[in-house]
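Here's the structure, in structure tokens; my notes come after.
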Amino acid sequence: MNCLYDALTVRDAAESADAIFVLAGRPERKFHGLTLWKLGRAPTLVLSVGRYEWRAIPDLRLPAGDGGLRALVDQTPPARRHFFLVLDAGGCRAEWIRRGRFGTRTEARAFAALAARRGWRSVLAVTTAAHTRRTRQCLRRASRGSLLVAMEPVPESLSRHTRDGWWRDPRTRSFVLREWIKLAVYSFLP
């Protein structure tokens, strides 16, 4: 059964990148991305913040505050809330991104546009292990191959969804099976 989980998981060897991109979702993703950034794996950290995730941002204790995130939240209707928090040597800045029908694809496109504006050539993407294959596919397509994409899954010790016995845990089983369906659907998207 682990082969189904393993086929969804990609781990690339990359010591550094121009930016670390953390996809919206489970809080352990943001904690892991922040740790990698503090270790100097990239000069810039981009946190994707979903509809209600802004509430947990203070728990991260970011060194430069929220970059205006709370003000953006207050002026954005809940159905349109999705943001990037960009942290670098200059501080922290929040920016709104347009929500789309396909979440990971939308995040990848918004990140690829940001990377193009900033001139980034490489990214270390952080997400849950079983979400890495689809994430890499989306980032490569969105950047049209201009970004070197390396995947850094959240370590098993931090993750809610773990490889061993995934089929016995109802939430992880559902996550993995949905990921297979999404991977199939996303393979038909441009």
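Summary table below
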| item | result |
| --- | --- |
| Matching residues in the stretch 135-157 - criterion: being surrounded by fewer than 16 Cβ atoms within 10 Å (Cβ to Cβ), under 12 Å from ALA116 (Cα atoms) and not basic (Lys, Arg) | GLY145, SER146 |
| Candidate set from the stretch 126-135 (those that are under 10 Å from the mean Cα position of the chain (by Cα) and not in a strand (DSSP E or B)); member that is nearest to PRO27 (Cα to Cα) | THR128 |
| Residue under evaluation LEU189, criteria (1) aliphatic (A, V, I, L, M); (2) modelled with pLDDT of 90 or more; (3) not in a helix (DSSP H, G or I), criterion not met | (2) |
| Residue within the stretch 115-125 that is part of a helix (DSSP H, G or I), surrounded by fewer than 22 Cβ atoms within 10 Å (Cβ to Cβ) and of a type in the set (A, V, I, L, M, F, W, C) present | yes |
| Per-region count, the stretch 62-84, residues out of contact with any Pro (no Cβ under 9 Å at 6 or more places or on another chain) and either more than 17 Å from ILE20 (Cβ to Cβ) or among the polar types (S, T, N, Q) (or both) | 16 |
| Residue within the stretch 120-130 that is over 17 Å from VAL22 (Cβ atoms) and at pLDDT 95 or above present | yes |
| Any pair with Cβ under 9 angstrom, 6 or more apart, that starts in the stretch 128-146 at a residue that is without any contact (Cβ under 8 Å) to a residue 12 or more places away in the chain and ends at one that is among the aliphatic types (A, V, I, L, M) and not in a helix (DSSP H, G or I) | ARG140/LEU147; ARG140/VAL149 |
| Some residue of the stretch 138-157 being farther than 15 Å from LEU4 by Cα, in contact with a strand residue (DSSP E or B) (Cβ under 9 Å, 6 or more places away or on another chain) and in a helix (DSSP H, G or I) | yes |
| Residue tally, condition surrounded by fewer than 22 Cβ atoms within 10 Å (Cβ to Cβ) and without any contact (Cβ under 8 Å) to a residue 60 or more places away in the chain, over the stretch 88-111 | 16 |
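The values are calculated or read from the model by the stated rules, or taken from the named source; none is laboratory data. Just so it is clear, the structure is predicted and the values come from calculations on it, not from any experiment. As a convention, Cβ positions derive from the backbone with ideal geometry for all residues, glycine included, and neighbour counts pool all protein chains shown.
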